[in-house]
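What follows is calculated from the coordinates using simple rules that are stated; it is not laboratory data. Quick caveat, the model's predicted, so the values are computed rather than measured. Please note: Cβ atoms are built from the backbone with ideal geometry, for glycine as well, and neighbour counts cover all protein chains shown.
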2 protein chains.
Amino acid sequence: MAVDFRGHPMFPQGFNSPTRFDADVYDCEVWGQIPTDIHGTFYRMQCDFDYRPPPNEWMTGFNGDGHVSRFRFANGSVDYKGRYVRTARLMAERKARRRLFGVYRNPFTDDPSVAHINRSAANTHIYWHGGKMLVLKEDSLPYTVDPHTLETQGDWNFHGKYTAQTMSAHPKIDPVTGEMIAYGYQAKGILTKDIAVYIIDPQGRVTKEWWLTSPYLGIIHDIAITQKHIIIPVIARTTSLARLKSGQPMWEWDGSLPTMVGILPRDGEAKDVRWFKGPSRNTLHFLNATDRGSTVTMELPTSSGERDPSQIRRWTFDLNSKSDGFQEDVVSTTPGFLPRMDDRHLSLDYRYAFISSRDNQGAPPAPGAGPMSGGTQVVQRLDVRTGKIDECPIAGKVALQESCFVPRANSREEGDGYVMTVVSNFDSMSSDLIITDAQHLDDGVIATVKLPFRLRSGTHTNWYPQSVLPPIKDELS
Amino acid sequence: MAVDFRGHPMFPQGFNSPTRFDADVYDCEVWGQIPTDIHGTFYRMQCDFDYRPPPNEWMTGFNGDGHVSRFRFANGSVDYKGRYVRTARLMAERKARRRLFGVYRNPFTDDPSVAHINRSAANTHIYWHGGKMLVLKEDSLPYTVDPHTLETQGDWNFHGKYTAQTMSAHPKIDPVTGEMIAYGYQAKGILTKDIAVYIIDPQGRVTKEWWLTSPYLGIIHDIAITQKHIIIPVIARTTSLARLKSGQPMWEWDGSLPTMVGILPRDGEAKDVRWFKGPSRNTLHFLNATDRGSTVTMELPTSSGERDPSQIRRWTFDLNSKSDGFQEDVVSTTPGFLPRMDDRHLSLDYRYAFISSRDNQGAPPAPGAGPMSGGTQVVQRLDVRTGKIDECPIAGKVALQESCFVPRANSREEGDGYVMTVVSNFDSMSSDLIITDAQHLDDGVIATVKLPFRLRSGTHTNWYPQSVLPPIKDELS
């Protein structure tokens, strides 16, 4: 009995309906000209669904099977490859040709036959570090894939030295040391309050480990780092054994819970973590943090409640204060909730965020097209010091996925380079990757990579220059 | 400089614009239920364009790169795979990342660098015979591909015994003997009038060879066979050295040329061929032929001129007559020009044709959608004895590609089985494969295999039960 997605209460039937295919496009059609100084690979994660989840599945994104898109650029050309991560979970369901895993991060809703199979859907983010392409899902250890063929290599525990059971999809790479600061929460198993934090050196070896306890069982989807600190916010989505036993997906919003922010000195011990406390905030992702004398600042997209519009705000933590409070200021009211930056300035003083956003006077989102659709879609550069926005409007009935900054080769100036953004074209039911000049967004789109099919709504993206990736052996395959 | 198809005078920008991708869909979404007695694989050829041909390319089909679609059915499920045939031609263009081959079958328009590279685009038809999956293009020898993985194996000359330079895309498999009757025209090289005909036994060995001379340099795209004869029509599209040297695609219609039909006794020699002559007819494909005492009948879709509507007609050849004429009668005015049949009755007395067609009162074709779009699209069963048509209308803004008959397992009754048809959905910009009951078309569609992308207009299709194909080793790959 084959899968039929019609009538599922959470599945759109249009652009963002499940796609469920692997594909290769050699030498993609391009409108405009790709600058020849773009030499490397843009990676993008997508959640998809090979099989139909239970009707109470929370949403059609985060519990889907992980799929990697690879746009490989050289000499003004680009080769596309899309592959599912061959997780143990996906392969078990394919073998059975039916859904075996239940709702989001709730093993009580699984088929008994998969009790001992890794639940990771490997669907959130992708990082190249220590000679491995890590594909991440915060409830599990990473999978690794070949950075060119995207062939799945298996799961990975850093030579056995990463002893936590989970690794978040948002580790941070220190651009000064090349170290990866990784962490896991529910790190001793589902519903545990344990947080494990690791330093992993540029060769992929664990060099430091901390174990912390979360103030409450909240979501810890992302962290931020400075040169001196690791900032660990716990956010007001919570869960419980009773909730899981009742068959619900893991999280529910609880606006009565505070925002708790742990600040851990990178040269300290676990006991040195300091927890700040603020009102509940709805957020998942953080832009960047910076040491400023005895304070730490962090910029992030957030809203004050589950249904409020997102803004870019700044949190300031005074490490000399005896209060456990922190200050909050609005940097910009732009509603884009997946801001990125020039990652060469991560943890450092910086100026620019790059944001897929939309104007605030827009039409309502298209059916099933997600919260960022509607209105005029814009690629933005936000100056986080001044709030000034430069932008490139994208014409048509479109929605933008997460933008990614691509540094210009041989330039070290912050923000000198390009922005790559995957665009959903609702009229042609196909996806584009557009390239804009990060310093001249008002010049418009430089080049558009035309895919002959649609990519459903994606999660996160990363860019790696070919100089840091292994040699290419599969060009004509 | 990447390819950009915009502005080419012959390329549609919508559904039938180039697709240029390989893809896999494991366990396709299905609406309805696939009968579990369908166990085998439906193959379909598509012409596509990796690179942009010269502006005077004749049309956007026949000179494109060959692409195989594989729909593999078992236990009510279907796995899809689509792969380009890795021809020498395609790989040379991919390596150069630009178009090297010129217009349709005209080597004078090629880049000099490819003078010694096989011109076959392997884009027309696909046959399983003698343990090989043959992918055919009439200007060259076959390529072979793995029937399950679709991996290209190379070109094939039947152990060196097929000495002609070309093999047509329309060989015929004798259902009684299992022999393949294959032929090539322009068989001693481009613009030659030589026709070579071969008998190839079920093990893939050449057992008989004839060499004939065509009455003129016309197209010989298809043949028909009976148990006693091979019927070889030469059709009024012609070419010349002057035409090729002027840079034009090979063929031009010339209504002043006759239709010449060679009838070659299967137990005779080349000198025994008899040429019949009739007025010019516009046709490429033949439905079937049958010995009836001293006459031979052949049914085919044809029109009387290049712009006349196609009909199903019957040609009758009296082998006892001293005249070189033949009789023509109309069987049906249905306009479908790619009729298929229950191939177990090929060369024998038979009753049914299966045709993707449309009603005659339909709206005009959608832009770029081809001559069979517009009006109500219908899957038809035509009784060639009576002219009676049963049909299944297909709702929506759609176009049907070639239908293929799929015999019911364990039934030997003519026409007992299913019809499979690939459907272009212009609204959703995606393709379906629909299954209808060949004996009960008015019951409507039994099952619809939903692809998450579009397949541009295809050429020919074939069905092979798993019982004749090699064991499957790649199910979960």
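Could you list the residues of segment A:1-40 with an amide nitrogen less than 15 Å from a label point located 7 Å from the Cα of A:ALA96 in the Cα-to-C-beta direction? Zone members listed by number: A:1-3. Within a straight-line Cα-Cα reach of under 17 Å, B:LYS81 can be paired with the following lysines, leaving aside sequence neighbours fewer than 8 residues apart in one chain: A:LYS81, B:LYS450, B:LYS473.
Taking every residue in A:12-20 and counting other chain Cβ atoms within 10 Å of its Cβ, the average works out to 3.
In this Cβ point-charge picture (+1 for Lys and Arg, -1 for Asp and Glu), segment A:19-144 has a dipole of about 440 debye about its Cα centre. With its label point put 7 Å out from Cα toward Cβ, A:THR386 sits 8.4 nm from the same residue's point in the other copies, in order from shortest. When each of the peptides A:427-437, B:326-336, A:4-14 is scored by how many other beta carbons lie within 10 Å of its residues on average, the order from highest to lowest is A:427-437, B:326-336, A:4-14. With label points defined 7 Å past Cα in the direction of Cβ, position B:GLY247 shows copy-to-copy spacings of 7.1 nm, given to one decimal and shortest first. Legend: distances between Cα atoms for B:LYS228/B:LYS322; B:LYS188/B:LYS228; B:LYS161/B:LYS271; B:LYS137/B:LYS172; pairs beyond 23 Å are B:LYS188/B:LYS228. Helix content alone sets the calculated 222 nm mean residue ellipticity of chain B: runs of n ≥ 4 DSSP H residues at -39500 (n - 2.57) each, divided across all residues, give -500 deg cm²/dmol.
Rounded to the nearest 20, the size of the Cβ-charge dipole of segment B:206-272 about its Cα centre is 100 debye, with Lys and Arg at +1 and Asp and Glu at -1. Computed from the C-beta positions of A:GLU413 and A:THR213 and an R0 of 51 Å, the FRET efficiency is 0.75 to the nearest 0.05. Placing unit charges on each Cβ (+1 for Lys and Arg, -1 for Asp and Glu) gives the protein assembly as shown a dipole about its Cα centre, and among A:VAL330, A:ASN123, B:GLY387 the Cα reaching farthest toward its positive end belongs to A:ASN123. With its label point put 7 Å out from Cα toward Cβ, B:ARG99 sits 4.7 nm from the same residue's point in the other copies, in order from shortest. Specify whether the C-alpha gyration tensor of segment B:215-333 places it in the rounded, prolate or oblate class, a ≥ b ≥ c being the square roots of the eigenvalues: rounded for a/c under 1.5, otherwise prolate if a/b is larger than b/c and oblate if not. Oblate is the answer for segment B:215-333, as a/c is 1.5 or above yet b/c matches or exceeds a/b.
About its Cα centre, chain B has a charge dipole of approximately 1300 debye under the convention of +1 per Lys or Arg Cβ and -1 per Asp or Glu Cβ, with nothing else charged. Positive-end ranking of A:PHE317, A:VAL206, B:TYR464 along the dipole of the protein assembly as shown, with charges on Cβ about the Cα centre, is headed by A:VAL206. Would you mind classifying chain B by shape? Square roots of the alpha carbon gyration tensor eigenvalues, ordered a ≥ b ≥ c; an a/c under 1.5 is rounded, otherwise it is prolate if a/b is larger than b/c and oblate if not. Cα axes put chain B in the rounded bin. Among B:PRO35, B:ILE219, B:PHE21, flag the residue with its Cα farthest along the positive direction of the charge dipole of chain B, charges on Cβ as +1 for Lys/Arg and -1 for Asp/Glu. Selected residue: B:ILE219. Peptides A:133-141, A:201-209, B:89-97, A:282-290 ranked from most to least packed, by the mean per-residue count of other Cβ atoms within 10 Å: A:133-141, A:282-290, B:89-97, A:201-209. Between rounded, prolate and oblate, where does the protein assembly as shown land on the alpha carbon gyration tensor, with a ≥ b ≥ c its root eigenvalues, rounded for a/c under 1.5, else prolate if a/b exceeds b/c? Prolate shape, in that a/c is at least 1.5 and a/b is the bigger ratio.
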